[in-house]
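For reference, the structure discussed in these notes is given below.
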Amino acid sequence: MIRKIQHIGIAVNNLRDAVPFFRDVLGLEHVSTEEVAEQKIRAAVFRVGESRIEVIESTAPDGPVGKFLQRNGEGIHHICFQVDDAAEALSRAREKGVRLIDEAPRTGIHGMRIGFLHPKSTFGVLTEFAQEGDGER
Ligand code: CO
């Protein structure tokens, strides 16, 4: 079951230029900045009520966000729904004919169990499921 929008991911060319907008102009609370080496990204997480915004920069041009930025420029990259069980949410989507990027959950920011659906199956919106883990903040 989907509980809420966990976060919206926004791809930016670099955090140095982007973070002051979210922190100082919008006045959002900065939760953390974390690198996910496997995804070749670094993300600054901001709290927005019960949800988050992840501002994401690429750490390598051949990474998924690096390729996205080359194709599309800066902008909304993905939407993430919080679910009780990421593995179950992925397999349920697969049973309904949705193309998956991740066949099984992997570990994302804050220790969440995450997995992505393919945007070709989700009307162009890269869609993530996240199950909050012990690292929940
Ligand atoms: Co995300």
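All of the numbers you see were taken from the coordinates with simple rules; none came from a lab. Quick caveat, the model's predicted, so the values are computed rather than measured. Cβ placement follows ideal geometry from the backbone for every residue including glycine, while neighbour counts extend to all protein chains displayed.
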Dipole magnitude (debye, nearest 20) for segment 44-102, charges at Cβ of Lys, Arg, Asp, Glu: 240
Packing-based exposure ordering (other Cβ within 10 Å, fewest first) of HIS77, HIS7: HIS77, HIS7
The chain: equivalent-ellipsoid semi-axes (sqrt of 5 x gyration tensor eigenvalues, Cα, Å): 24, 18, 13
Projected label distance in nm at LYS96 and LEU15, using a 7 Å step from Cα toward the beta-carbon: 3.4
Aspartates and glutamates whose Cα lies under 19 Å from that of LYS96, excluding same-chain neighbours fewer than 8 positions away: ASP84, ASP85, GLU88, GLU128
Gap separating the Cα centres of segment 108-124 and segment 58-75, nearest whole Å: 16
Helix 86-95 vs. the chain, principal-axis angle (Cα, 0 to 90°, nearest 10): 60
Relative contact order %, segment 1-106, counting alpha carbon pairs below 8 Å whose residues are six or more apart: 34
Cα-centred dipole magnitude for the chain, charges only on beta-carbon of K, R (+1) and D, E (-1), debye, nearest 20: 420
